[in-house]
Amino acid sequence: MGYTIAQKIIKNHLISGDMTVGSEIALKIDQTLTQDATGTMAYLEFETMGLKRVKTEKSVAYIDHNTLQSGFENADDHRYIQSVCEKHGIYFSRPGNGICHQVHLERFGKPGKTLIGSDSHTPTGGGIGMLAMGAGGLDVAVAMGGGAYYITMPKMYKVNLTGKLNPFVSAKDVSLEILRILSVKGGVGAIIEWGGEGVKTLSVPERATITNMGTELGATTSIFPSDETTREFLKAQGREEDYIPLESDPDAEYDKVIDINLSELAPLIACPHSPDNVVTVESLKGTKVDQVCIGSCTNSSLMDMLKVAALLKGKTIKNSVSLSISPGSKQVLSMLADCGALTDIIASGARLLECACGPCIGMGFSPNSAGVSLRTFNRNFEGRSGTADGQVYLVSPEVAVAAALTGEITDPRLLGTMPEIKMPESFKIDDSAVIPPAPESIADSVEILRGPNIKPFPEAKPQQDTLSAELVLKVGDNITTDHIMPAGAKILPYRSNIPHLSQFCFGVCDKTFPERAKALGESIIVGGSNYGQGSSREHAALVPMYLGVRAVITKSFARIHIANLINAGIMPLTFKNPDDYDRINQGDKLTMKNIYSGMDSGEIILEDETSGENFTLVCSFTERQKDILKAGSLLLYTKGE
């Protein structure tokens with residue numbers, strides 16, 4: 001039996017374990033990336049481990065999330081990260097240089113390499129044939145120190161593409177189509193490989209849009225072949241030497257195969273409040289639009305921006321619409337300016353934002369009350385925009401422009417003829433905003449600069465053999481990390497201050513949760529299916545740990561979050577009978593005994609002292625994960641080795 005693309009990369013990076021689906025494997029990591037919303041904590045963890053120098057081939061810290069500096073907090077965090085990078089061997093991408101995934105694709109990503117990043121959309125790198133995965137900051141810190149990255153060996157799905165996209169139909173529509181087919185949990189436990197003759201019609205930026213959105217499927221990652229298109233992209237970036245050909249074997253086997261004919265796709269749109277709530281744009285025609293945002297790591301490439309500029313040229317946006325444009329990198333912005341496309345964008349009435357995540361992470365440009373906002377982003381979770389009742393739709397750049405020009409949801413095919421956009425033969429190369437670290441010979445003399453908002457890493461507690469605690473919070477299905485630990489301009493500056501950040505935990509679901517959890521000392525949370533979907537932010541585990549949460553019991557978990565919970569010393573458990581979820585209530589007094597033997601057998605009995613009922617909980621921990629939980633956290637486990 002032959003190998004898939006992902007299996008080939010895994011085989012070449014396998015440190016321990018076997019490639020049997022469902023078993024734990026340890027991978028050597030070639031590259032890491034962080035961003036500033038998660039990076040400060042990742043580097044505090046790196047320092048706590050006592051490590052002196054990163055051991056990866058390339059590690060890069062990007063400043064792209066917390067770029068609004070309305071107080072000292074974000075600026076202090078940026079200064080701290082820069083000093084850590086200088087001392088410990090990490091490249092530092094300055095604020096304004098661009099969004100981590102866009103810049104990494106342009107300047108550092110290499111086919112056949114492994115990459116983990118403390119951001120869930122790291123799979124963007126799969127657009128050039130990388131095995132790129134989102135991870136918690138602690139996992140990234142361990143990898144930077146030369147440690148292995150542990151995952152469960154995924155299943156392999158393949159999407160066969162045929163045909164070619166029609167004008168005004170784009171890669172974003174391909175992403176929305178696969179979300180419509182599989183749902184936000186349909187990719188859990190799988191790597192999605194994109195293949196077929198239709199792949200040859202897609203540029204690297206288009207492929208990267210698709211792998212970026214694969215995160216919303218719950219997939220471990222998504223990946224494209226590395227082919228002649230990849231080589232041409234790397235050559236245009238002055239990096240042809242980084243190219244290697246990479247494709248699956250003809251006799252590779254897949255657990256699931258999905259066929260999509262690109263020629264049959266129409267413009268699609270994801271309705272509030274989930275990326276898989278997908279319908280055709282035509283079905284919503286005439287819906288009034290208040291705001292349009294174009295950018296994010298999903299759709300901020302030069303190719304996307306040139307399409308937007310061409311469609312806006314000589315036109316003015318509707319008076320009732322506010323339009324923002326966020327180029328993905330300094331390279332993109334500079335090339336837009338040089339060719340005159342930036343002038344066309346500004347002349348239309350659009351507001352130019354900096355090269356950063358911005359509105360996508362709730363960092364400014366929130367919609368008006370109950371406003372309809374069409375965004376070329378990857379997530380439309382409730383409240384993520386910064387407006388609690390904002391109605392956020394996910395669309396392609398073409399659909400976004402059509403709405404900005406007409407003031408309502410409009411099929412972009414009504415705009416006329418689509419201008420032809422070609423990839424440049426060479427990109428403008430200027431890496432001056434990426435600061436290299438100090439030479440190792442003088443690294444000891446570099447001072448780490450800490451501001452008053454940077455607090456020590458919270459202390460974890462070892463998991464005991466018996467746990468008696470109250471069910472402090474019961475929540476439903478598809479609880480996202482935005483529900484657990486919200487983002488936005490008011491909260492993100494406190495990512496390095498867990499005590500302060502804890503005040504906002506589960507604020508979307510229950511504003512009384514932090515106070516109640518802290519008062520209890522130890523507690524348990526119960527959730528529905530796909531608990532913890534969305535961002536890789538480990539704060540959604542660290543903050544509950546700080547507030548005393550010892551276990552989370554659900555119908556099912558999202559991949560990255562279950563790893564983050566274990567890393568934080570919180571037991572992730574699932575109901576053996578999912579219907580038991582309905583028989584347990586918030587406020588119940590719960591007890592688990594013989595936890596250690598239960599971890600070994602895979603079943604733990606939960607006694608509900610309030611109702612008198614017993615429930616069977618299941619777990620599937622590796623020996624390493626059991627030791628992490630018993631130690632209290634991955635950090636304590638690593639320090640104790």
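A few remarks follow.
- Residue check, residue 633 modelled with pLDDT under 95, hydroxyl-bearing (Ser, Thr, Tyr) and over 24 Å from residue 515 (Cα atoms): no
- Among (1) farther than 30 Å from residue 450 by Cα; (2) among the polar types (S, T, N, Q); (3) touching a Ser or Thr at 6+ places or on another chain (Cβ under 9 Å) - the single one residue 523 does not satisfy: (3)
- The residue list 119, 139, 173 contains one member that is touching a Cys at 6+ places or on another chain (Cβ under 7 Å) and among the charged types (D, E, K, R), which is 119.
- Filter pass, residue 53 being more than 21 Å from residue 130 (Cα to Cα) and either assigned by TED's automatic domain parsing to the domain that holds residue 625 or not in a helix (DSSP H, G or I) (or both): yes
- Note on segment 540-641: enclosed helices (runs of 4 or more DSSP H) holding 1 or more residues that are among the basic types (Lys, Arg) and buried (at least 19 other Cβ atoms within 10 Å of the Cβ) are 559-567.
- All of 169, 142 fail the test of being over 30 Å from residue 231 (Cβ atoms), among the β-branched types (Val, Ile, Thr) and not assigned by TED's automatic domain parsing to the domain that holds residue 298, apart from 142.
- Filtering segment 170-208 to residues that are surrounded by fewer than 24 Cβ atoms within 10 Å (Cβ to Cβ) and not in a helix (DSSP H, G or I) leaves 183, 184, 185, 186, 188, 189, 195, 196, 202, 203.
- Of residues in segment 282-297 being of a type in the set (A, V, I, L, M, F, W, C) and more than 26 Å from the chain's Cα centre (by Cα), the one farthest from residue 174 (Cα to Cα): 289
- Residue 166 within 21 Å of residue 376 (Cβ to Cβ), under 17 Å from the mean Cα position of the chain (by Cα), of a type outside the set (Gly, Ala, Ser) and at pLDDT 95 or above: no
- Taken together, the residues in segment 512-539 that are within 20 Å of residue 220 (Cβ to Cβ) and outside any loop (DSSP other than H, G, I, E, B) amount to 2.
- Single unsatisfied condition, residue 615 versus (1) modelled with pLDDT of 95 or more; (2) under 26 Å from residue 495 (Cα atoms); (3) not small (Gly, Ala, Ser): (2)
- Every residue from segment 496-520 that is of a type outside the set (Gly, Ala, Ser) and either touching a Ser or Thr at 6+ places or on another chain (Cβ under 6 Å) or over 25 Å from residue 361 (Cβ atoms) (or both): 512, 514, 515, 516, 518, 520
- Residue list for segment 242-274, restricted to those being under 16 Å from residue 180 (Cα atoms), in contact with a helix residue (DSSP H, G or I) (Cβ under 8 Å, 6 or more places away or on another chain) and of a type in the set (A, V, I, L, M): 258, 260, 262, 265, 266, 268, 269, 270
- Filter result for the condition that a residue is within 25 Å of residue 328 (Cβ to Cβ) and surrounded by fewer than 17 Cβ atoms within 10 Å (Cβ to Cβ), over 264, 240, 253: 240
- Checked against the criterion of being in contact with a helix residue (DSSP H, G or I) (Cβ under 7 Å, 6 or more places away or on another chain), hydrophobic (A, V, I, L, M, F, W, C), closer than 30 Å to residue 133 by Cβ and modelled with pLDDT under 95, segment 468-483 has no qualifying residue.
The values are calculated or read from the model by the stated rules, or taken from the named source; none is laboratory data. In this text, all values refer to a predicted model and were calculated from it rather than measured experimentally. Using ideal geometry, Cβ is built from the backbone for each residue, glycine included, and neighbour counts are taken over all protein chains shown.
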